[in-house]
Amino acid sequence: MTQIENAQAASSLKEILNLKWSPIAVKIVEEGMHPENIPPPSTKKLRYCQLLMAAKKGKSATLTKENIACPAAAAALGLLPLPEKISSGEMLKALGLFDAKEAAAVTMAQMPKLEQGKIKAIAAAPLEDAKFSPDIVVIEDEPEKIMWINLASIHKNGGRLSFNSAVFQACCVDVTVIPYLTKNVNISLGCYGCRDATDIADDECLVGIPSEKLEEIITSLRSLSQKAMLEVRQKKVYNLFKAQEITAAVQSKVEE
């Protein structure tokens, strides 16, 4: 995707869904790749979820093994090995996330991740400003908007959706690594890390969209916005139900 295509896609997503934040373009840079127009490395250490937080607000940057602050995300993104304290479950148990470190260890052992040593950087930018072709587009917003994106992903061919999460590593694994590896949309309710380290609101969640599916999803969102989305947002059935309740209450009062 060119910068113009990125800007057009961002504009469509914002217009149709009334997004609160900018969609985020994410580029995974493998060793040996020399993509053009990647933003410069962050001048300070950041967690990956904080990189996405900055991008949704208009800032662009790149993380490498030198400036990524979260060891779990660094391992998931293939930048660094997973520290033993995390792989053993010791740290997650200490945080109170799991009943026993063995349960945490099982979870970490099943973590989807990119190949160690194969990845040299990961970049993020607001989609409308991205000068690179993204691998993933991440959106953080209210569940209703994320719902329409997921329906749009099956609008054309039908089927059912399956989501993969451990309610841990929401940004790095759930909405980046999994969509990158599977080429399927994946959602996340958030996790301990991103809810502690970023400004994600209690009523927001996330979705990761493989770039290969972005055009189809936008086309389907346009179709959905013509009828289904419009009618649901007007809450016609609910308003009728409430009107009937009020009418029944008034009638009951009159009969007393």
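What the table shows:
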| item | result |
| --- | --- |
| Residues (among the acidic types (Asp, Glu) and over 12 Å from the mean Cα position of the chain (by Cα)) located in the stretch 117-147 | Glu128, Asp129, Asp135, Glu144 |
| Lone unmet requirement of (1) more than 21 Å from Lys20 (Cβ to Cβ); (2) touching a helix residue (DSSP H, G or I) at 6+ places or on another chain (Cβ under 9 Å) for Ser162 | (2) |
| Of all residues in the stretch 156-170 being in contact (Cβ under 8 Å) with a residue 40 or more places away in the chain and polar (S, T, N, Q), the one that is nearest to Ile86 (Cα to Cα) | Gln169 |
| Residues being surrounded by fewer than 21 Cβ atoms within 10 Å (Cβ to Cβ) and within 18 Å of Pro41 (Cα to Cα) - total across the stretch 120-134 | 4 |
| Matching residues, the stretch 72-112, being part of a loop (DSSP other than H, G, I, E, B), in contact (Cβ under 8 Å) with a residue 40 or more places away in the chain and either polar (S, T, N, Q) or within 18 Å of Leu46 (Cα to Cα) (or both) | Leu77, Gly78, Leu79, Gln110 |
| Pair list, Cβ < 6 Å and 6+ apart or interchain, from the stretch 140-155 residues that are closer than 21 Å to Glu212 by Cβ to residues that are surrounded by fewer than 16 Cβ atoms within 10 Å (Cβ to Cβ) | Asn150/Leu161 |
| Hey, Val237 within 14 Å of the chain's Cα centre (by Cα) and either at pLDDT below 95 or exposed (fewer than 14 other Cβ atoms within 10 Å of the Cβ) (or both) or not | no |
| Single condition Glu115 does not satisfy, out of (1) more than 30 Å from Ile4 (Cα to Cα); (2) acidic (Asp, Glu); (3) not in a loop (DSSP other than H, G, I, E, B) | (3) |
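The values are calculated or read from the model by the stated rules, or taken from the named source; none is laboratory data. Because the structure is a prediction, the values reported are computed rather than measured. Cβ coordinates were reconstructed from backbone atoms using ideal geometry, including for glycine residues, and neighbour counts include every protein chain displayed.
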